[in-house]
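K.L.:
One structure, pasted below without further comment.
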Amino acid sequence: MGRSARAFWLSRPGEGEIREVELPEPGEGEVLVRALYSGVSRGTETLVFRGGVPESQHAAMRAPFQEGDFPAPVKYGYLSVGVVEEGPAELTGRTVFCLFPHQTRYVVPAGAVTVVPDTVPAGRAVLAGTVETAVNALWDAAPLVGDRIAVVGGGMVGCSVAALLARFPGVRVQLVDADPARAETADALGVGFALPGDALGDCDLVVHASATEQGLARSLELLAAEGTVVELSWYGDRRVSLPLGEAFHSRRLTIRSSQVGTVSPARANRSYGDRLALALDLLADSALDALVTGESHFEELPDVMPGLASGRIPALCHRVRYGDHVV
């Protein structure tokens, strides 16, 4: 007798639906996972929801277990936490993280799931993919003891970077965002906060994650001579203008990209699995709960996603609940 599950699909740009899907029987080396929570990565997923992935990036932007193609119909997502119901004995009954779309149950290779440490609640573990991005960014950025650092853009990724930087000894870390409400989040993470016009300058390093050209321009302004901006923003199909005249050359500034699709060359001896396992270990810090700012039931996703994409529903990470689970 076949098994079924329910999955969220983007049926066309700006419109999603819940579909019934048939599940295969798990074979040797596979696991059947029952979802507990998933997370909506507001920046990337709402860009996908709007149909904003450039054609040139259709292949690069594919999620590991994506079905369909951009712009739509497509099943997209990569922040899922669940319980292994069937599979190898060492995994059965364990809570795991998987880069899977929003779906009630799914079958994947056992190697595609990572066990969530006992010190990390399942509801917080949905942040693993974003904290993994922050880990990779800091491997690229290589901050030093005593650095003066700004994180421009207080979204899900920027706040994750700020949270990790708060653990570095002797650094001055300031989260910079146009929304004054982010001050509360910064305080929970243990870092300073400033509106763009009030941000502290003379920075050795600026991590930019606002996905706006104004934010990137301000990031350059905040640098000290020889400073570096690490660019984490994904702009999709938008063009960005930059002030590369003025003092860009005379102060010998640097802009470099960081992208989680490749493990930082600075840690080429680490695997993708190593990086994700580290991210999950770092989630033992309860301060990161401040990044989960909204929650709804899986069945509500067709109504929730348009609200997240338009900004009507404000959120850093919006958590999706399956069943009646409690964090």
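K.L.:
What's the extension gain from THR262 to GLU90 if we count 0.36 nm per residue and subtract their Cα-Cα distance?
P.N.:
Taking 0.36 nm per residue and subtracting the Cα distance, the gain is 59.0 nm.
K.L.:
Collect residues whose amide H, placed 1.01 Å from N in the peptide plane, falls under 5 Å from the amide H of THR293; neighbours closer than 5 in sequence don't count.
P.N.:
The list, which skips near neighbours in sequence, is LEU316, CYS317, ARG319.
K.L.:
Mind sorting PHE100, PHE298 by how few other Cβ atoms lie within 10 Å of their own Cβ, fewest first?
P.N.:
Details: PHE100 25, PHE298 20.
Taking fewest neighbouring Cβ atoms as first place, the list is PHE298, PHE100.
K.L.:
Another question, if that's okay. Within the range 167-210, which residues have the backbone N less than 13 Å from the label spot 7 Å out from HIS249 along Cα→beta-carbon, could you tell me?
P.N.:
none
K.L.:
Okay, moving on. Give the long-range amide H neighbours of GLU67: residues separated by 5 or more places, or on another chain, with amide H under 5 Å away, using H modelled in the peptide plane at 1.01 Å from N.
P.N.:
LYS75
K.L.:
Compute the FRET efficiency between ALA225 and GLU300 as 1/(1 + (r/R0)^6), taking r as their Cβ-Cβ distance and R0 = 45 Å, and round to the nearest 0.05. Mind dumping the intermediate values first?
P.N.:
Details: r = 50 Å, r/R0 = 1.12.
It comes to 0.35.
K.L.:
I would also like to ask the following. For the chain, take the alpha-carbon Rg, divide it by the Kirkwood Rh, and send me Rg/Rh.
P.N.:
Numbers: Rg = 19.8 Å, Rh = 20.4 Å.
Result: Rg/Rh = 0.97.
K.L.:
Okay, next question. Within 10 Å of each residue's Cβ, count the other Cβ atoms and sort TYR322, TYR37 from fewest upward.
P.N.:
Values: TYR322 21, TYR37 26.
The most exposed by this proxy come first: TYR322, TYR37.
K.L.:
Pull up the DSSP beta bridges for the chain and report the antiparallel fraction as a percent, rounded to 5.
P.N.:
About 60 percent, rounded to the nearest 5.
K.L.:
What's the exposure ranking of PHE70, PHE97, going from fewest to most Cβ atoms within 10 Å?
P.N.:
Working: PHE70 21, PHE97 29.
With the fewest neighbours first, PHE70, PHE97 line up as PHE70, PHE97.
K.L.:
Now a separate question. Find the centroid of the Cα atoms in the range 287-319 and in the range 22-67, then give the distance between the two in whole Å.
P.N.:
Using only Cα atoms, the two centres lie 17 Å from each other.
Taken together, the values in this text are just the output of simple stated rules run on the coordinates, not laboratory data. Model, not experiment: these values are computed from the prediction. Note that each Cβ is placed from the backbone with ideal geometry, even for glycine, and that neighbours are counted across all protein chains shown.
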